[in-house]
1. Using a simple charge model, +1 on the beta-carbon of Lys and Arg, -1 on the beta-carbon of Asp and Glu, nothing else, what dipole does the chain show about its Cα centre, in debye to the nearest 20?
2. What is the distance in Å between the Cα centres of segment 250-278 and segment 191-248?
3. For segment 21-59 and segment 112-167, what is the separation of their C-alpha centers, rounded to whole Å?
4. On a 0 to 90° scale, report how tilted helix 128-138 is relative to the longest principal axis of the chain, with both axes built from alpha carbons and the result rounded to the nearest 10.
5. Short version: ³J(HN,Hα) in whole Hz for each residue of segment 261-277, in order, from phi by Karplus 6.51 cos²θ - 1.76 cosθ + 1.60 (θ = phi - 60°), x for Gly and Pro, what are they?
6. Which trypsin sites (Lys or Arg not before Pro) from segment 58-120 combine a DSSP loop assignment with at most 12 other Cβ atoms within 10 Å?
7. Determine the shape class of segment 201-284: with a ≥ b ≥ c the square roots of the Cα gyration tensor eigenvalues, call it rounded for a/c under 1.5, and otherwise prolate if a/b is greater than b/c, oblate otherwise.
8. Apply the Karplus parameterisation 6.51 cos²θ - 1.76 cosθ + 1.60, with θ equal to phi minus 60°, to every residue of segment 65-74 and state each ³J(HN,Hα) to the nearest whole Hz, in sequence, with x for glycine and proline.
Amino acid sequence: MRYATHVSDLVGHTPLVKLNTVTAGLSATILAKVEYLNPGGSVKDRIALKMIEAAEASGELKPGGTIVEPTSGNTGVGLALVAQRKGYQCVFVCPDKVSKDKRDVLAAYGARVVVTPTAVAPEDPNSYYSVSDRLLREIPGAWKPNQYANPNGPASHYESTGPEIWADTDGRVTHFVAGVGTGGTITGTGRYLHDASAARADEDGGRVRVVGVDPAGSVYSGGDGRPYLVEGVGEDFWPAAYDPAVPDEIIAVTDADSFAMTRRLAKEEALLVGGSCGMAVTAALRLARRLEDEDPQAAAKAVIVVLLPDSGRGYMSKIFDDAWMRSYGFLDASQGVTAGDVLR
Ligand code: PMP
């Protein structure tokens, strides 16, 4: 009989899938790493597992302890599913702007969700920050993973995501493209792929080029933190989990282009994925277009791996809702999606 002992044993080992339609006119091979096939439905299962196991090893998290983290989404699910197996409680703090659906998912896994008002100053005792700090002080055995600063986030990608991509491409990957939120994915995976390809640097393939992607307006591409709607990526500060020395380049993508591509991935590639996936694929296609223009022969040999962090299920009332898209001007009733040529 072949079975997993627990669902958390199924984290990682996600497949690469070739993109076939959105890549029309491009000769590079573009492979999507489909992270929604993790058991919690996102790439964040990887960091959750590693952060918890490292905290157990260091003694920061003890039997019967409680995990306290300000998170409203994917990281919470990952932490909750690992915590359940190991007998920890989870308390997640999220602002009231987070949809009820997302909070209900965390509660369904057995986590306690504390909702804080969005419209108060950070120093207010009821703010997101004040409440999570207070819970951390007051709950006995509380431990905060702090995904923005925890080095085990990038480490999990150095140990799993990077080696999986290297092995599945037989060491032929030439470019790695991923969105940047905490920066853990690009830092850990990119660092591994740089290291793994260093040995072939003088040969044909050269060093893997690591390309970070962020929403237009976010700090990574030189913005000031201006608001954007794509979720899970972009910041208004520089997290410690991000090493700016790793990406060779950052490409900024607008919400409109991100969401248009997200819809195309579902409709044309049968990949129902989230908005940061559409963002990353848009950047991968722009990169492929540039390679094509610069050196068609090299472009034909390029193997571009683009990481798709999560599923589209969590965005049905946003990206996949015509009224929501129209309310932001992302959809023209007569013409469908109005993002224009995403390769421009
Ligand atoms: N996309 C989504 C949907 C995410 O939740 C995250 C994690 N914040 C990312 C992309 C970016 O990953 P990272 O935090 O590793 O930079």
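Laboratory data are not the source of any read-out in this text; all were calculated from the coordinates shown. Fair warning: this is a prediction, and the values are worked out from it, not measured in the lab. Cβ atoms come from the backbone with ideal geometry, glycine included; neighbour counts cover every protein chain shown.
1. Once rounded to the nearest 20, the dipole reads 800 debye.
2. 18 Å
3. Each part's Cα centre sits 19 Å from the other's.
4. It is inclined by approximately 50 degrees.
5. Per-residue couplings from phi come out as 5, 4, 5, 5, 4, 5, 6, 10, 10, 6, 10, 7, 10, x, x, 6, 6 Hz.
6. Loop-located and lightly packed - LYS97.
7. oblate
8. Those phi angles translate into x, 10, 8, 10, 9, x, 7, 10, x, 4 Hz.
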